[in-house]
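Inspection log for the structure reproduced underneath, given as structure tokens.
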Amino acid sequence: MANYCLQTQALSYSFSPDHPILNNINLQVEEGSIYGFLGPNGAGKTTTLRLVLGLLKHQQGSITIFGKSLIENRREILSKTGALIESPSLYNHLTAIENLSLLQKIYQCPKERVKQVLELVSLTETGNKKVSQFSLGMKQRLSIAVAMLNSPSLLILDEPTNGLDPNGIIEMRELLKHINRQQGVTIIVSSHLLSEIEKLVTHVGVINKGSLLFQGTLAELHDRQVQQSMLVFETGNDVTALRIIRDLGLEATAENGKLLMRMMDKEKIALVNEQLVKNAVPVYAINMHKNDLETIFINLTNKV
Amino acid sequence: MNEFIRSLQSEWMKTRRTAASWLVVIGAFFIPLIMIVISAVKADKLPARYQSPVFWQNHFANSWQIMAFLLLPMGVILATSLITQIEYRNNTWKQLHATPQRFSVIFFAKLTVIILMMLQFFLLFNLGIYFSGIIPLLFSKAAQYPPQVFPVAFFLKTNLYFFIDCLPIIALQYLVSLQFKNFMVPLGTGIALLVAATFAIQWKYGYIVPYTYAALNYFQLRSSAVQPGPAVNIHLLAVGYFALFIITSFIFYINKKDKC
């Protein structure tokens, strides 16, 4: 049985009775994983993460982190959790060191930790520069340093790449991979772009309109990708070919001079091909049209 | 207790280089500076003034005049609103509330910072009053150091009263500032109540408006014949209002659904 770092059960939330935001969310985040929490804007990602951090008043369902209930163990859980919710939460009139030092007092971590996390995000040279003079990329990195200050076991990052340029996104991805591998930190990272976190995550949860549509490993999402792939037959006589395929008890559609079939096992493909050739239907090509993950994501989110 | 001290240290660090911290320093030395300039302009009248047996009481009362009526309440309104604005302006409430602290600790640590800033203001203002009494002696060779022994007890007692009298303003401003992201709401509320207080002061029951207490205390300090002051103990009322507003503020804060 998997060991879950974070689990929600039947988590529901609404700002008003007739306007539900989350509906029966059952998140299962495995320990040591990088969990990509995906969904279009307004899907309910931020609301879920705010509930998980105790920033919104709990309404329905349960939240368990490190095997303990959030409501009863809020402070203990937060002492082992780091977070970045949407835009950077930094005191702009203070320096990077001052921002970290004031939190170091609360977390009671060693003073050396301030230097360590600044090194981790490559911000040791900022000196007396106030945060207001930082670029967005620097602010995001400092926010990661803030989230890492208490050496958390769980890191919750809501859209950490928002506003970053492609280089910044790559840097952030490498940094998170490094934190996960070197320090064994479980990371939940939300995004509205699958392509942005596809190369980072081990697990994926897809949410739309407040409902969790898919949850599993990245490999399972890839399996779904294969399942949703199409076989494309190019033949010399589509009408006859279509009849032969249907006679075999299979489904096919003709589109743009090609026959499209759902992906099937190799033996069935060979059988279809054999029957077509036997019935004098020339087969010019058999291809697999693979949906990319982005299309799977869009298909999932358009279903609701 | 340790959790509160750590939270307080953290909150105090946030005030570095803020408008509120500058306001405390500039506000404290503004009136003393004006007093020095007035003394320099009217240097010929200094010898007689300094020989008064109640020189320090007069000097103290003169220094407090504008302060009690306008600058102190206005400063409290601004400083309290600016301290809570630190979190709103930097979008840091969510970060603060995601730290392993009790919400009550955050609430009272922030309030304590405001009160400490007020104490800092009182300390600096009194230093300013003292030096604005001493420095003018440099302008007039005829003027002598006041023969009166410096009335420490009088200073402490009167300061304590002024401090207690501005507590309801701190509490009400804190309540409003915590509820509204828009800086103009607490500021507007404060100014409106201060204007209301200036009218209420001449009313028999003006003491109902808590923003009048610093001015009413000034009348008592001057033993004003024009404005004899209310029959009730305004300092006790101030403490009562303070407790009422803080309890209300705490209930609102704790029950806020969205702590972002």
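The values are calculated or read from the model by the stated rules, or taken from the named source; none is laboratory data. Small disclaimer: the values here were computed from a predicted structure and weren't measured. FYI the Cβ positions are ideal-geometry reconstructions off the backbone, even for glycines, and counts take in every protein chain you see. Ligands, DNA and RNA are excluded from the accessible area calculation, which covers all protein heavy atoms including side chains. Shrake-Rupley method; radii C 1.70, N 1.55, O 1.52, S 1.80 Å.
Close amide-amide hydrogen proximity is noted between residue A:198 and no other residue 5 or more places distant or on a separate chain, at a cut-off under 5 Å (H modeled in the peptide plane; Pro and chain starts excluded). Report summary: the helix-based calculation at 222 nm, which adds -39500 (n - 2.57) for every DSSP H run with n ≥ 4 and divides by the residues of chain A, gives -11000 deg cm²/dmol.
Note on A:101-110: average number of Cβ atoms from other chains within 10 Å of each residue's Cβ is 5. Residues considered: A:94, A:78, A:11. Largest GNM mean-square fluctuation over chain A, using C-alpha springs under 10 Å, is found at A:94. List for the range B:95-121: residues with 30 Å² or greater reduction in accessible area, all protein chains versus chain alone, probe 1.4 Å? Listed by number, the residues meeting the 30 Å² cut-off are B:95, B:98, B:99, B:100, B:101, B:102, B:103. Near residue B:255, within a Cβ-to-Cβ distance under 15 Å, what is the net charge of the other residues, with Lys and Arg +1 and Asp and Glu -1? Computed value for this residue: +4.
As a rough guide to protection, the peptides A:99-110, B:71-82 ranked by mean Cβ packing within 10 Å, highest first, stand as B:71-82, A:99-110. Which entries of A:105/B:14; B:94/B:257; A:115/B:259 have Cα-Cα distances beyond 18 Å here? In this structure, A:115/B:259 lie more than 18 Å apart at Cα.
Only one residue of A:282, A:260, A:168 has its Cα farthest out toward the positive end of the dipole of the protein assembly as shown, where Lys and Arg carry +1 and Asp and Glu -1 on Cβ, and that residue is A:168. Here the contact order of the range A:144-302, divided by its residue count and restricted to Cα pairs under 8 Å and six or more residues apart, works out to 22 percent. Counting, for every residue in A:69-78, the Cβ atoms of other protein chains within 10 Å of its Cβ and taking the mean gives 2. Between residue A:240 and residue A:278, the contour length at 0.36 nm per residue exceeds the alpha carbon distance by 12.5 nm.
Projecting the Cα atoms of B:100, B:52, B:120 onto the charge dipole of the protein assembly as shown, computed from C-beta unit charges around the Cα centre, puts B:52 farthest toward the positive end.
Between A:53, A:157, A:242, the residue with the greatest mean-square fluctuation in the GNM of chain A (Cα pairs under 10 Å linked by springs) is A:242.
Per-residue packing, averaged as other Cβ atoms within 10 Å, sorts the ranges B:246-257, A:180-191 into the order A:180-191, B:246-257, beginning with the highest.
Legend: mean number of C-beta atoms from other chains within 10 angstrom of residue C-beta atoms, peptide B:8-19, equals 4.
Between the Cα long axis of helix B:55-66 and the first principal axis of chain B there is an angle of about 50°, rounded to the nearest 10. Buried between A and B is an accessible area of approximately 3000 Å², summed over both sides with a 1.4 Å probe. What the phi angles of the range B:81-93 give under the Karplus curve with 6.51, -1.76 and 1.60, with θ = phi - 60°, is a coupling list of 5, 5, 5, 6, 5, 3, 6, 5, 4, 8, 6, 10, 4 Hz, glycine and proline written as x.
Relative contact order for chain B: 29 percent, from Cα pairs under 8 Å spaced at least 6 residues apart, divided by residue count. Helical content alone sets the calculated 222 nm signal of chain B at -24000 deg cm²/dmol, taking -39,500 (n - 2.57) per DSSP H segment of four or more residues and averaging over every residue.
Taking amide H atoms as placed 1.01 Å from N in the peptide plane, the amide H of residue A:155 lies under 5 Å from those of A:82, A:186, A:187, A:188, each 5 or more residues away in sequence or on another chain. When chain B is treated as a GNM with alpha-carbon contacts under 10 Å, the residue of B:192, B:171, B:243 showing the greatest mean-square fluctuation is B:192. Going by a ≥ b ≥ c, the root eigenvalues of the Cα gyration tensor, does the protein assembly as shown fall in the rounded group (a/c under 1.5), the prolate group (a/b larger than b/c) or the oblate group? Prolate, because a/c is 1.5 or more and a/b exceeds b/c.
Solvent-accessible surface of the range A:238-304, averaged per residue with a 1.4 angstrom probe and all protein chains in place: 65 square angstrom. In this structure the range B:1-119 gives 40 Å² per residue of accessible area when probed at 1.4 Å with all protein chains present.
Shown in residue order for the range B:115-132 are the 3J(HN,Hα) couplings computed by the Karplus curve 6.51 cos²θ - 1.76 cosθ + 1.60 at θ = phi - 60°: 5, 5, 5, 5, 5, 4, 4, 4, 4, 5, 5, 5, 4, x, 4, 4, 5, 6 Hz (x for Gly and Pro).
Note that the range A:82-90 has calculated 3J(HN,Hα) couplings of x, 9, 9, 9, 6, 5, x, 9, 9 Hz, one per residue in order, obtained from phi through the Karplus relation 6.51 cos²θ - 1.76 cosθ + 1.60 (θ = phi - 60°); glycine and proline are x. Overall, the accessible surface of the protein assembly as shown at a probe of 1.4 angstrom is composed of carbon and sulfur to the extent of 59 percent. For the range A:31-165, the dipole from Cβ point charges (+1 on Lys and Arg, -1 on Asp and Glu) about the Cα centre works out to 360 debye, to the nearest 20. Toward the positive end of the charge dipole of the protein assembly as shown, with +1 on the Cβ of Lys and Arg and -1 on the Cβ of Asp and Glu, the farthest Cα among A:149, B:20, B:147 is that of B:147.
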